[in-house]
1. Helix 11-30 sits at what angle to the longest principal axis of the chain, using alpha carbons and giving 0 to 90 degrees rounded to 10?
2. Suppose every Lys and Arg Cβ carries +1 and every Asp and Glu Cβ carries -1, with no other charges. What dipole size does the stretch 90-152 come out with about its Cα centre, to the nearest 20 debye?
3. So, with +1 on the Cβ of K and R and -1 on the Cβ of D and E, and no other charges, what is the size of the charge dipole of the chain about its Cα centre, to the nearest 20 debye?
4. Of the heavy-atom accessible surface of the chain (probe 1.4 angstrom), what whole percent is carbon and sulfur?
5. Per residue, how large is the accessible surface of the chain? Use a 1.4 angstrom probe and give square angstrom.
6. Within a Cβ distance under 13 Å of N55, other residues only, what is the Lys/Arg minus Asp/Glu net charge?
7. Suppose only helical runs count, i.e. DSSP H with n ≥ 4. What mean residue ellipticity at 222 nm does that imply for the chain under -39500 (n - 2.57) per run, divided by all residues and rounded to the nearest 500 deg cm²/dmol?
8. At what distance in angstrom do the alpha carbon centres of the stretch 16-30 and the stretch 99-121 lie from each other?
Amino acid sequence: IATAALRVMHPQQYWTGLQAFASLGDKAGSKELPKMSETLQYWATVFNILTIICNQETPNHRDHSLIPKCFDILTSVGNYSNAWMSMPSLQLELRYDPGCMIVFSGRIVRHGVHAVEGDQIGWAWYMRDAVHIYAGIPSCGWARLDGNKSKG
């Protein structure tokens with residue numbers, strides 16, 4: 001679902017993610033890296049990093065290893081209540097209910113998740129520039145509201 005949402009919200013990020021994985025597959029084949037080739041067959045998203053967080057409060061932070069122009073997608077499931085995500089640099093407090101999807105640049109926007117009552121599992125989908133550099137694929141440009149491809 002996160003990949004499909006990205007395809008609509010930031011098409012250039014989606015396509016550069018696909019290109020990066022195609023390039024990684026080529027590199028794995030040419031450098032005879034069978035474990036990498038096998039792993040890539042099962043990785044079913046254009047995001048190159050996934051972090052899973054269970055029942056954990058996350059202090060406000062920025063993710064400095066991420067690509068600033070890319071969207072990060074955070075999703076959450078579980079049997080919990082009273083969940084909030086804070087974005088102090090934007091002066092926002094957002095409900096983070098089960099099934100919620102929040103999209104933003106974790107490199108630019110300070111964010112954190114308060115402690116919850118119950119059991120929560122959060123997925124953070126994002127892209128690291130180091131993977132794109134290794135793959136030889138430039139990262140995407142900024143998302144645009146007009147639907148045209150971003151430039152730089």
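The values are calculated or read from the model by the stated rules, or taken from the named source; none is laboratory data. Everything numeric in this text was worked out from a predicted model, so none of it was measured. Note that each Cβ is placed from the backbone with ideal geometry, even for glycine, and that neighbours are counted across all protein chains shown. Accessible surface areas use protein heavy atoms only, side chains included; no ligands, DNA or RNA. Shrake-Rupley method; radii C 1.70, N 1.55, O 1.52, S 1.80 Å.
1. For 11-30 against the chain, the angle is about 50 degrees.
2. Dipole size: approximately 460 debye.
3. 620 debye
4. Carbon and sulfur: 57 percent of the exposed surface of the chain.
5. Spelled out: the 1.4 Å probe surface of the chain, per residue, equals 58 Å².
6. Computed value for this residue: -3.
7. Helix-only estimate at 222 nm: -9000 deg cm²/dmol.
8. For the stretch 16-30 versus the stretch 99-121, the Cα centre distance is 30 Å.
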